[in-house]
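*Asks:* Dropping a structure here in structure tokens format, bear with me for questions.
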Amino acid sequence: MNLLDRHIFKSVLLTCAGAVGLFTFVLMLGNLIRDLVPYLLSGQLPVATFARLVWMLVPAVAIYALPMGMLTGVLLTLGRLSADSEITAMRTAGLGLSRIARPVFILGSFGTALGLYVNFESMPHARVQYHKELDDAVRANPLSFIVPKTFIRNFKGYVIYVGDKQGAVMRDFWLWQLDREGRATQLVRAESGRFDYDAHANELILTLTRAQIEERNPKQPENFSESPRVGSFEKSEPQRISLAKLYGPPTVRQKLQWMTYEELRAEEARVAALPFDPAAARDHARAVMKVRLTVQEKFNTALAVLSFALIGVPLGIKVSRRETSANLGIAVLLALGYYMLTVAVSWLDRHPEYHPDLLFWLPNAVFLVLGIWLFLRIERPATR
């Protein structure tokens, strides 16, 4: 690379890196708030484990942030160069558009290679490890979900409230049993209670002391004119609660998106070799197609980095904007168009006769053709 190539390459690289970081944060924010922050605030996740899990989420969203970041970086950099008349100076000096854009295409090729690695190696391993570490961290402190003076809804069909907690011992314990409509059909209130953990059975053991039970009519639990049945006891029999019901079974690698390339090929061969009844031939073809679509999706999201780089060059020069918000808006709109086409093709997974695995290349083909057409339109006046 000469000095000009290094200047363009460095400018685009730094801008793309910033844009990829921004999109990664935005795409990851929802997962953080939904999946990790509650565990962190309740004390179930140490800060170090939380930081490590956040890092493991990066590959899962990076593959979508890479194309958008590449497009944004190219639009911002070339838009600025064009607005400053630097592109005009380069073309006046005899440099064609393809020569000016060479560093961008080199960076796009590197981005595609990185996308392939992330899709087929980094993301599958990180995703599996993420779920394993999250499960281990939560199960390592099974009583931490009990937060005093907080309504706890971790158990489906139950609401728990504890006034105070000292280790495994709770004071002012309340438990509401709910029906399918979320109405309270039973209330248990105890002066104190105790949760013990059976590690071998992976179960919590609840014992209540000096408790009172109110049961309402299960058909009309909100009919307060009817007096509830009331009972009391000094000490309850130990009640066992499975943690598998609370947190679900330990996560295993089963989703196709979490498989490496070798695992996907092996899964495709396994599914294709399964015996099936001729009447179920369509269902068998759908199962095979589902694996093939996953492989093609991973290839295409990686190739999108180069496609977005190609279409970003003529758009960046044509728009000639310094404004970050305008170029960012164009990038987002184009990315939305691309992913809408991808989603539309993925809806055909139940119709293998349409070959959706081949149609998955359509969004990239559209963007590549559009990019080449725009490229030639801008290049043509300079070659006349």
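Every number in this text was worked out from the coordinates using simple rules, so none of it is lab data. These figures come from a predicted structure and were not determined experimentally. Note that each Cβ is placed from the backbone with ideal geometry, even for glycine, and that neighbours are counted across all protein chains shown.
*Asks:* From the P(r) of region 173-228, could you give the percentage of C-alpha pairs in the tail past 18 Å?
*Replies:* The answer is 48 percent, as a whole percent.
*Asks:* In addition: Using the crude model of +1 on Lys and Arg Cβ and -1 on Asp and Glu Cβ, and no other charge, please compute the dipole size for the chain relative to its Cα centre, in debye to 20.
*Replies:* Charge dipole of the chain: 1040 debye, to the nearest 20.
*Asks:* May I ask you to compute the full-extension gain from Asn223 to Ala93, defined as 0.36 nm times their residue separation minus their alpha-carbon distance, rounded to one decimal in nm?
*Replies:* Here the answer is 38.1 nm.
*Asks:* So what is log10(I(q)/I(0)) for the chain at q = 0.07, 0.09 1/Å, when the Debye sum runs over its Cα atoms only?
*Replies:* -0.52, -0.74
*Asks:* In addition: What are the aspartates and glutamates whose alpha-carbon lies under 18 Å from the alpha-carbon of Lys149, with same-chain residues fewer than 8 places away excluded?
*Replies:* Result set, ordered by chain and number: Asp164, Asp172, Glu191.
*Asks:* Within straight cross-link reach of Lys318, meaning Cα distance under 24 Å, which lysines are found once same-chain residues fewer than 8 apart are removed?
*Replies:* Lys10
*Asks:* Straight-line reach from Lys298: which aspartates and glutamates have Cα under 20 Å away, leaving out those fewer than 8 places along the same chain?
*Replies:* Glu121, Glu262, Glu263, Glu267, Glu268, Asp349, Asp357
*Asks:* So how do Glu297, Glu133 line up by other beta-carbon neighbours within 10 Å, fewest first?
*Replies:* So the ranking, lowest neighbour count to highest, is Glu133, Glu297.
*Asks:* Pairs Lys156/Lys235; Lys132/Lys290; Lys219/Lys255; Lys165/Lys235: which exceed 29 Å Cα-Cα?
*Replies:* Checking Cα-Cα distances, Lys219/Lys255 exceed 29 Å.
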